Amino acid sequence: MENQQNNQQIMPEATVSGSYGHAWETLKRCFPEMLLIFLIQFLVSIPMGLSGIFFDSAIYGIVFPGFFNIVYGIVVLSPVSYGANWVYLKAVRGEQFKASDMFFAFQQIGNVLLSVLLVGLIVGIGIALLIVPGIIFACKLAFVPYLVMDEKMEAVDAVRKSWQMTAGFTGNIFLMAVAAFFVGLLGLICLFVGIIPAGMWISLAFATIYMAVAAKAKPEK
């Protein structure tokens, strides 16, 4: 309990080093719990990888497996991902959490799906505009899952709030994504197994920068 209180009192900087540093400390403290969350996400994603086996291409062709993956990804993986992000956020805050918390998103499935579709549409439009705007839009909307889950915001409100919150931090978020690439690459080099802690570290880092930016956005009492 004492460690959790200290973790809540010391707010990391909303920078790449500050976010990854705080995330690393959280990962060391909560490794078994984070591993369980990561493994649940992996298990839930398995049907997408096996869709080609489930649906014989000689019978269904290549269109149906692709359609299945899109629907499964939106309806199942997206809520699980939103829920996992919420758990990662609780972890970096030093709050109590349970693995079952990652399924809370299914209790507000409509709002989660709307936010996923809205973010996908905005980023897709940006990508169509010569890619770079899509990257910027993705960075501007990086906080949507946390706002939907943590603040219980409606999809449109979460998109608007994320756009406002990331003002001045878009570059940091982009650099965090670049750092995530190299963290993941390093994980692959470490006998492939290293991709597991690398993935957990990255997820905790993005939860941390949201926490740090949200703290700055709150008016002082």
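The values are calculated or read from the model by the stated rules, or taken from the named source; none is laboratory data. Note that the coordinates shown come from a computational prediction; the quantities given were computed from them, not determined experimentally. In this analysis, Cβ positions are derived from the backbone assuming ideal geometry, glycine residues included, and neighbour counts consider all displayed protein chains.
Suppose the filter is surrounded by 13 or more Cβ atoms within 10 Å (Cβ to Cβ) and closer than 19 Å to G73 by Cβ; does M165 pass it? No: the conditions fail for M165. Checking the conditions here, which among G126, G94, G110, G120 is over 28 Å from P12 (Cα atoms) and surrounded by 18 or more Cβ atoms within 10 Å (Cβ to Cβ)? The conditions single out G126. Of the residues V76, V119, the single one that is closer than 30 Å to C30 by Cβ, β-branched (V, I, T) and out of contact with any helix residue (DSSP H, G or I) (no Cβ under 6 Å at 6 or more places or on another chain) is V76. Sub-6 Å Cβ pairs linking a first residue in the stretch 171-189 that is closer than 17 Å to L141 by Cα and in a helix (DSSP H, G or I) to a second residue that is among the small types (G, A, S) and at pLDDT 95 or above, at least 6 apart or interchain, are I173/A142, ordered by first then second residue.
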